[in-house]
Amino acid sequence: MSEQPHDPPPTTPPAGPTPTPPPSAPPRSSSWLPRVLVAVVLIGLGGFLFWKLVGADLYEQVKEYQMAVQDRDLSAPVGYLGLNYRKEYNSRPPQFHLEEDGKKLLWASVGDGETPELYDVTDAQFDPMVLQGGFGRDSIPGVDYPIIQAPDGEIAQNIGDRNEVVGLVLESGPRAYPLGVLTKVEIINDVDGETPIAVVYARGPDTVRIYRRDVEGAAVTLGTTGYATDEKVPLFYDRKTKSLWLEEPDGSALTCVNGEYVGTRLPAHKSPERLTWGEWRGQYSDTDVVVGNDRSQPIPEE
């Protein structure tokens, strides 16, 4: 009888102690922290040394460059037209407060060269003795015929972005009056739609205000007298009657203080914005700007 195959007996592991697994590696979280701290300290120290050796000088150079650019922007000649002083500016008499036949008189201009023109200020509603200057009527060239350009105009494009302007939104659109013009002329005769207006600069308080300039429905053109008060507020006159006008301290009106229109008030018109040319153009890309006075036109008589 043939033998049947038998499965091999299962193998039995050799007797002995159970092997111990190798110990696990210690956590590494504590090993990188000192290296990071050292790196941060080294970077900080390197940055500090760079700043002390190089960075501070570079920063000062950049600041100086920025200031030089600003100064160049502010001082670059724009080439405004018709703002030069008139010939009469150097005709200031040695004495411009006079008394004659019981009247108080104020020198006005050289007149025909032989007989000077005088203001009779006997009944003036202000103290003429506070006036300074005396350079003569229209010696400071107020603007009677504004020259207006778009921002890309031949002259307007020379106005630096940091130059200060006074902005006004007129019925015809936004308009800028550069402070570089106003400080030279003190007054700009302009119009807002059908409303005649005067843009007035007072040097002492450093203010720019806008007034209507119509009396009983008729426009009056205002010019400079060559005088200002002891607070450097300019005295104006109207071309038709030669009456004298001063701003109210609160800016509410331009008031006639002597002459035919005495007591008449030209009320404030609109409140202008005072900002840089770049800021104004940023708000009103369709603005125009006053760049001078058309001196080819004669001084108005009214």
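Just to verify a result, which residue in segment 181-190, among those that are crowded, with 18+ Cβ neighbours inside 10 Å and out of contact with any helix residue (DSSP H, G or I) (no Cβ under 8 Å at 6 or more places or on another chain), is farthest from PRO234 (Cα to Cα)?
ASP190
Out of everything in segment 215-225 that is part of a strand (DSSP E or B) and more than 25 Å from the chain's Cα centre (by Cα), what residue ends up being surrounded by the fewest Cβ atoms within 10 Å (Cβ to Cβ)? Working first, answer last.
Restricting attention to segment 215-225, the residues satisfying the condition of being part of a strand (DSSP E or B) are 215, 218-219, 222-225.
Narrowing further to those that are more than 25 Å from the chain's Cα centre (by Cα): 215, 218-219, 225.
On the way: VAL215: 19, ALA218: 10, ALA219: 18, THR225: 29.
The extreme case among them is ALA218.
Kindly list, by first and then second residue, each pair from a residue in segment 277-292 that is farther than 24 Å from LEU83 by Cβ to a residue that is open to solvent by 40 Å² or more (accessible area, probe 1.4 Å) and of a type in the set (Lys, Arg), limited to pairs with Cβ atoms under 7 Å and residues at least 6 apart or on different chains.
none
Six or more apart or on different chains, Cβ atoms under 7 Å: show the pairs whose first residue is in segment 230-258 and within 11 Å of ALA268 (Cα to Cα) and whose second is outside any strand (DSSP E or B) and of a type outside the set (A, V, I, L, M, F, W, C).
Partner pairs satisfying both residue conditions: THR255/GLU248.
List pairs: first in segment 186-201 and under 20 Å from ASN84 (Cα atoms), second open to solvent by 10 Å² or more (accessible area, probe 1.4 Å) and hydroxyl-bearing (Ser, Thr, Tyr), Cβ under 6 Å, 6+ apart or cross-chain?
As it stands, the answer is GLU186/TYR201; ASN189/THR221, since those pairs meet every condition given.
Looking at ILE140, ILE147, can you tell me which residue is open to solvent by 10 Å² or more (accessible area, probe 1.4 Å), assigned to a strand (DSSP E or B), farther than 23 Å from SER252 by Cβ and of a type in the set (Val, Ile, Thr)? Can you show your working first?
Working: ILE140 fails: assigned to a strand (DSSP E or B).
Only one candidate passes the filter, namely ILE147.
Being within 23 Å of SER243 (Cα to Cα), open to solvent by less than 40 Å² (accessible area, probe 1.4 Å) and part of a loop (DSSP other than H, G, I, E, B) is the filter here, so list the residues in segment 265-302 that pass it.
PRO300
Which of the residues that make up segment 150-176 are within 22 Å of THR221 (Cα to Cα) and either assigned to a strand (DSSP E or B) or in contact with a helix residue (DSSP H, G or I) (Cβ under 6 Å, 6 or more places away or on another chain) (or both)?
Of the residues in segment 150-176, the ones within 22 Å of THR221 (Cα to Cα) are 166-172, 175-176.
Of everything in segment 150-176, those that are within 22 Å of THR221 (Cα to Cα) and either assigned to a strand (DSSP E or B) or in contact with a helix residue (DSSP H, G or I) (Cβ under 6 Å, 6 or more places away or on another chain) (or both) turn out to be VAL166, GLY167, LEU168, VAL169, LEU170, ARG175, ALA176.
The values are calculated or read from the model by the stated rules, or taken from the named source; none is laboratory data. Values in this document were obtained by computation on a predicted structure and should not be read as measured data. Quick reminder, even Gly has a Cβ in these numbers, built from the backbone with ideal geometry, and neighbours come from all protein chains shown. Accessible surface is based on the protein model in full, side chains and every heavy atom, while ligands, DNA and RNA are left aside. Shrake-Rupley method; radii C 1.70, N 1.55, O 1.52, S 1.80 Å.
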